[in-house]
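One structure is given here, and the rest of the page talks about it.
The values are calculated or read from the model by the stated rules, or taken from the named source; none is laboratory data. It should be emphasised that the depicted structure is a prediction, and the values quoted were computed from it without experimental measurement. Note that we place each Cβ from the backbone using ideal geometry, even for glycine, and neighbour counts take in every protein chain shown. SASA here: full protein model, heavy atoms, side chains in, ligands and nucleic acids out. Shrake-Rupley method; radii C 1.70, N 1.55, O 1.52, S 1.80 Å.
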Amino acid sequence: YQTGPLTKSPQRNENPGRLRHTPLFFDMYGKSSSEVASKLVTIHWAPCHCKLQFSSVNGAAKALEAVGEEIARTGLSPFVSESIGTFNWRKIAGTQRLSMHAFGIAIDFKLPNRLGRYWRWDGAYTNQNKVFPEDILHDQDFKRVVSIFESHGFVWGGKWWNYDSIHFEYRPELTMVDCGQRKDRP
C-alpha cells in the first residue's frame, strides 16, 4: 500500500492492502463476534458530533477519533459526517472471507458528489473490462480526507481495482515508513 494521492486508476487486479491473513486478525481482534465486540469502545466522531464504536486494539479507536478531529478542524466534515457502518460481523460480499468490519477496524461513509462508489454496485463484477470511476480521482478536498486517514494508519478502498471508495480500514502495519513508505512524505 502506497500512501499519498491516487493520480491514476489502479491496474487490473491491483488491490494494495486488500490481501489479509485472517488468523492474524483473529489473534489480534477476536475470533468471534462477541470477542471482537468486547474490545469495542465508543468514540466521539467530530464531523457529525456523534458516537461511533471501533476497536480499542492497537490504538484503532484513538486513531479514528484523531482522524475525525483533524477533518473537523480542516472544514472537511461534510465528506464523512454520515457513517454507514463500523463493526459488523459479516463476510465480504461474494466471498467466504470475513470483512474488516467484522474486526471493528473498518468504517464506511455516505459520500457526497458521486464519490461513493463500489465495484459491485456499479455492476463492474459482470464486466471483465470494468472502468475505474475516474471522478473519485479529481476531488481535491476528498483527496485531503483520504490523506488524513492515511496519516493515521488507515488504508482507503478507493485505491483498489475492486474499488470501494466509501471504505477505510485501520491497517497501520501497511502505512508505516518501515513498511516501504516514502520517507519524504509529510
Which members of the range 108-150 meet the condition of being at pLDDT 95 or above and either of a type in the set (S, T, Y) or in contact with a His (Cβ under 6 Å, 6 or more places away or on another chain) (or both)?
D108, S147
Determine, yes or no, whether I84 is of a type in the set (A, V, I, L, M) and open to solvent by 80 Å² or more (accessible area, probe 1.4 Å).
yes
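Can you pull out every residue in the range 99-115 that is over 20 Å from K51 (Cβ atoms) and either surrounded by fewer than 18 Cβ atoms within 10 Å (Cβ to Cβ) or basic (K, R) (or both)?
Narrowing the range 99-115 to residues over 20 Å from K51 (Cβ atoms): 99-100, 102, 111-115.
Of everything in the range 99-115, those that are over 20 Å from K51 (Cβ atoms) and either surrounded by fewer than 18 Cβ atoms within 10 Å (Cβ to Cβ) or basic (K, R) (or both) turn out to be P112, N113, R114.
Quick check on the range 5-14. Is at least one of its residues loosely packed, with under 15 Cβ neighbours inside 10 Å, free of Cβ contacts under 8 Å to residues at least 12 places away in the same chain and charged (D, E, K, R)? Explain how you work it out, then say what you get.
Going residue by residue through the range 5-14, those that are loosely packed, with under 15 Cβ neighbours inside 10 Å are 5, 7-8, 11-14.
From the residues that got through so far, the ones that are free of Cβ contacts under 8 Å to residues at least 12 places away in the same chain too are none.
No.
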Provide a single number: the residues in the range 28-56 that are closer than 21 Å to I148 by Cβ, in contact (Cβ under 8 Å) with a residue 40 or more places away in the chain and surrounded by 20 or more Cβ atoms within 10 Å (Cβ to Cβ).
3
Quick check on the range 63-79. Is at least one of its residues open to solvent by 60 Å² or more (accessible area, probe 1.4 Å), farther than 27 Å from V131 by Cβ, out of contact with any Pro (no Cβ under 7 Å at 6 or more places or on another chain) and among the acidic types (D, E)?
yes
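Take the conditions outside any helix (DSSP H, G or I) and among the basic types (K, R) and apply them to K31. Does it pass?
Numbers: outside any helix (DSSP H, G or I): yes; among the basic types (K, R): yes.
In short, yes.
Please go through the range 93-110 and give me each residue that is over 14 Å from the mean Cα position of the chain (by Cα) and either acidic (D, E) or farther than 17 Å from M28 by Cα (or both), ordered by number.
Our first condition is that a residue be over 14 Å from the mean Cα position of the chain (by Cα); within the range 93-110, this holds for 93-98.
Selection gives A93, G94, T95, Q96.
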Every residue in the range 72-114 that is in contact with a strand residue (DSSP E or B) (Cβ under 9 Å, 6 or more places away or on another chain) and of a type in the set (K, R), please.
R90, K91, R97, K110
